[in-house]
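Presented below is the structure to which this report refers.
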Amino acid sequence: MQHNSRCLYCNKLLPISTPGHRACQYCNDACRKAASRRRKAMTHAITLQQQWNILPAAARERLETIQDRYGPEAAQLATEAIREVFTESLTQVFRIAHTFRFCKQS
Ligand SMILES: [Zn+2]
């Protein structure tokens, strides 16, 4: 007995496949492409979480909340903002250290 399978992206019922043909996995090209985008976004999310490993737990929790509520793109932007702040503070620290050394020597 044949049964309808469902689109792997939108979960709509697919037309019964012709015997001898490979069953369709998606209802159309749009769903197939969207599924591929979603897979990429999930891979992206893993990479993001790897970047968060060096952050304090509290910051990591906030970023996870951002990702859940607004998606991986928002979380990526927040991660970049943190990195900018971090890089800028390091630059400041080096500048202050350099100035301090310079004053002591002269
Ligand atoms: Zn579909």
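We did not get these values from a lab; they are worked out from the coordinates using the rules stated. Quick caveat: nothing in here was measured; it's all calculated off a predicted structure. Using ideal geometry, Cβ is built from the backbone for each residue, glycine included, and neighbour counts are taken over all protein chains shown.
Tabulated values for the structure
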item	result
Distant-in-sequence amide H partners of residue 6 (H built 1.01 Å from N, under 5 Å)	14
Two-site label geometry, residue 68 and residue 50: point separation in nm, points 7 Å out along Cα→Cβ	2.4 nm
Mean separation of Cα contacts under 8 Å (6+ apart) over length of the chain, as relative contact order %	14 percent
Extension gain, residue 77 back to residue 8 (0.36 nm per residue minus Cα-Cα distance, nm)	21.9 nm
Chain lengthening between residue 22 and residue 60 when straightened (0.36 nm per residue, less Cα-Cα)	9.3 nm
At least 15 Å along the helix axis (C-alpha) and Kyte average at least -0.5, DSSP helices within the chain	72-105
CD proxy at 222 nm, helix term only [per DSSP H run n ≥ 4: -39500 (n - 2.57); per residue of the chain; nearest 500]	-24000 deg cm²/dmol
Separation of alpha-carbon centers, segment 1-42 and segment 44-106, rounded to whole Å	41 Å
Approximate spin-label separation residue 98-residue 29, in nm, with each point projected 7 Å along Cα-to-Cβ	5.5 nm
